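See below for the structure under consideration.
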């Protein structure tokens, strides 16, 4: 049952993230009408039918005396599959469509770290942050955060 639900979740997420009509057409791949209907036109209906079939099969596979254990296992399996698959597909979307934001985020962090380092070492005002870094101060951390937001608003446009 877990593999059936895993494949169903992958089927649902694939055409929402990395297997879209735009990507197929841009690659010069024109799927046959049947595949186009299954993957794009009636995709939500087919996914609903697969989930319904999976739930029916799960109910039919229940054994008397083990209901609590089986429902607990099924709930954890579904939760883990949704979280793990959703996170994996989210990472794919981030890497595929938003590559520039990855670099942009890193430059915001570098800006914060540089300002934090300079203020903490050359203007040692305020309490030290011993739990994070022994040489960093609270003022440096705050000004670093402010500089990251300033960098964000200056470069975002």
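The values are calculated or read from the model by the stated rules, or taken from the named source; none is laboratory data. If you're wondering where the values come from, they're calculated on a predicted model, not measured in any experiment. Neighbour counts are summed over all protein chains in view; Cβ atoms, including those assigned to glycine, are modelled from backbone coordinates with ideal geometry.
No other residue among 35, 53, 29, 9 is surrounded by 11 or more Cβ atoms within 10 Å (Cβ to Cβ) and modelled with pLDDT under 85 apart from 35.
Looking at the structure I just gave you, is residue 70 in contact (Cβ under 8 Å) with a residue 60 or more places away in the chain and over 30 Å from residue 138 (Cα atoms)? Criteria not met by residue 70. When residue 104 is tested against (1) at pLDDT 85 or above; (2) surrounded by 13 or more Cβ atoms within 10 Å (Cβ to Cβ); (3) under 28 Å from the mean Cα position of the chain (by Cα), exactly one condition is not met: (1). Within the set 6, 40, 48, the sole residue that is assigned to a helix (DSSP H, G or I), within 18 Å of the chain's Cα centre (by Cα) and assigned by TED's automatic domain parsing to the domain that holds residue 84 turns out to be 6. Looking at residue 69, is it loosely packed, with under 12 Cβ neighbours inside 10 Å, modelled with pLDDT of 90 or more and more than 25 Å from the chain's Cα centre (by Cα)? The answer is yes for residue 69.
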